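Down below is the structure, laid out as structure tokens.
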Amino acid sequence: MSFPWETVISRRGLISQPFTALAGIGLWDLLHRDSSATDSSPWLPGRGVTHFPAKARRVLQIFCPGAASHVDLWDYKPELFKRSGQPLPGEENLVSFQGKNGNLMAPPWPFVPCGQSGKRISALLPHMARHVDDIAFLHSMTSKTNTHGPGCVLMNTGRAEEGFPSAGAWVSYALGSENDHLPTYVAIPDVRGEPPNGKANWSNGFLPAKHQALVLAAHLNIRNLRRPADVSENEEFETRRFLQWLNARHQEAHPGDSSLAARTTAYELAARMQISAPEVMDLSRESAEVHRLYGTDSPNKLLAAYARNCLLARRLLERGVRYVNLYCASRASDVDGLLNWDAHRTLKPDYERHAPIFDQPTAALLTDLKRRGMLQDTLVLWTTEFGRMPTHQANTTGRDHNPDAFTVWMMGAGVKPGVSYGATDEFGRRSVVKPTNVWEFYATVLHLLGFDFQRLAWYHNGFDRKLTDVHGRVITEVLA
């Protein structure tokens, strides 16, 4: 039996009529999505399954807010030493973020050859010097902004505007949990405070709310971990079971409310963490040798606090947390360079304050991961929001912001050790050899985690949103 309105519809026929063309395009897109999802894309997120075999199972991202200077830490420029005090050729009257620039200014510290490779890094980092042969340096990173807040958010999310998921949230969505008793994604802020733009750096954005980071730190107490003395263990168990039943019914009545689902998930995780959190947060379980290695007993209180956070990061990673954001420094302050790496006025005393805090604990964390065999499947990233000028700011001994060139690095699972990718010009002013960006960086990170950055997407407001936006390529030169 047939119906008079039945016709055979081809793709060309569906969109050939002007009045039905837009509807036809929309319908064709829906049909394509449906067939793609069922026939050619069996991958489902959150189940620990990747697009292809992965090198890394987890990520540690160390972030130094304030725009840590590439030319003073990682990017050796002999000409900057030779021509210090001379004008920057071609930009003698340069006006940058905070105003007019002076002449070229050499780093106040020598760059020393390190490791078997002889890679030169600043003498400010004697502990990190032990790891240069394991690191892949990306010396040609660029940013789209010269402002700290948007720069930090861009480096963490791939977008300078707030409201987009962080890399950790994308990994949480893609991989799911490896330990049901601990969060999938953790942010560890510095004892000095949150980074510029705060929680936007570890936001879930438009992804379900359960993918935002849980904030933990050695200096932050977790409240309400112990059961009240007047509540028995059986009473607590039965109460939780009843709450689960109530939550399930409520969720059925509000199926599209991801915030509600995330809140329920968070409370359930909190209940499980009553057992797991005290153990993972108890740094006294570590040996005296480990505490000495990290420097948790240092008379420098800021170094000791960051060291404890580094040790906490390792304990979280080895217990199955997928992504850890570890911050070294915080927001900008009224006194430049006091709380972070933003050394506009007094570079030398500022960095001689910050570098020791960063150096020993970070190097110890890398050493600890390596000797435990964890670097075989842990990807370590070091990032900052942009670089700094090779000149000094007028009437200061500090440096202004430079989004046109800076250094980031990676090491560990799947990373080629002891390589340097890209290069800046002879003064470190601009990225000139293989310039790269945050989207290529995260395309490479996702590749090491086993994901095609072009396929990992979330449909939002009419677009298939991606961590790499509409850009990206895998930087194969840093892959082992």
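Numbers for the structure displayed
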| item | result |
| --- | --- |
| All positions within the range 304-326 that are part of a loop (DSSP other than H, G, I, E, B) and surrounded by fewer than 21 Cβ atoms within 10 Å (Cβ to Cβ) | R319, G320 |
| Residue among F441, F453, F427 that alone is assigned by TED's automatic domain parsing to the domain that holds L317 and touching a Pro at 6+ places or on another chain (Cβ under 6 Å) | F427 |
| Some residue of the range 327-335 being more than 30 Å from A394 (Cα to Cα) and buried (at least 19 other Cβ atoms within 10 Å of the Cβ) | yes |
| First in the range 233-248 and surrounded by 14 or more Cβ atoms within 10 Å (Cβ to Cβ), second anywhere and hydroxyl-bearing (S, T, Y) and part of a helix (DSSP H, G or I), Cβ under 6 Å, 6 or more apart | N247/T264 |
| Number of positions in the range 408-435 that are surrounded by fewer than 20 Cβ atoms within 10 Å (Cβ to Cβ) and either of a type in the set (V, I, T) or modelled with pLDDT under 95 (or both) | 3 |
| Yes/no for R292 being in a helix (DSSP H, G or I), out of contact with any Phe, Trp or Tyr (no Cβ under 8 Å at 6 or more places or on another chain), more than 23 Å from P65 (Cα to Cα) and assigned by TED's automatic domain parsing to the domain that holds F63 | yes |
| Test: residue in the range 371-381 that is in contact with a Pro (Cβ under 6 Å, 6 or more places away or on another chain), touching a residue at least 12 places away in the same chain (Cβ under 8 Å) and in a helix (DSSP H, G or I) | no |
| In the range 188-232, residue surrounded by the most Cβ atoms within 10 Å (Cβ to Cβ) [restricted to those that are of a type in the set (D, E) and outside any strand (DSSP E or B)] | E194 |
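Let's see how each residue does on (1) surrounded by fewer than 18 Cβ atoms within 10 Å (Cβ to Cβ); (2) of a type in the set (D, E, K, R); (3) in contact with a strand residue (DSSP E or B) (Cβ under 7 Å, 6 or more places away or on another chain); (4) free of Cβ contacts under 8 Å to residues at least 24 places away in the same chain:
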{"residue": "F81", "(1), (2), (3), (4)": "yes, no, no, no"}
{"residue": "G85", "(1), (2), (3), (4)": "yes, no, yes, yes"}
{"residue": "N93", "(1), (2), (3), (4)": "yes, no, no, yes"}
{"residue": "N101", "(1), (2), (3), (4)": "no, no, yes, no"}
{"residue": "M105", "(1), (2), (3), (4)": "no, no, yes, no"}
{"residue": "W109", "(1), (2), (3), (4)": "yes, no, yes, no"}
{"residue": "C114", "(1), (2), (3), (4)": "no, no, yes, yes"}
{"residue": "S117", "(1), (2), (3), (4)": "yes, no, no, no"}
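The values are calculated or read from the model by the stated rules, or taken from the named source; none is laboratory data. Please read these numbers as outputs of a predicted model, since none were measured by experiment. Positions of Cβ are backbone-derived with ideal geometry, glycine not excepted, and every protein chain shown enters the neighbour counts.
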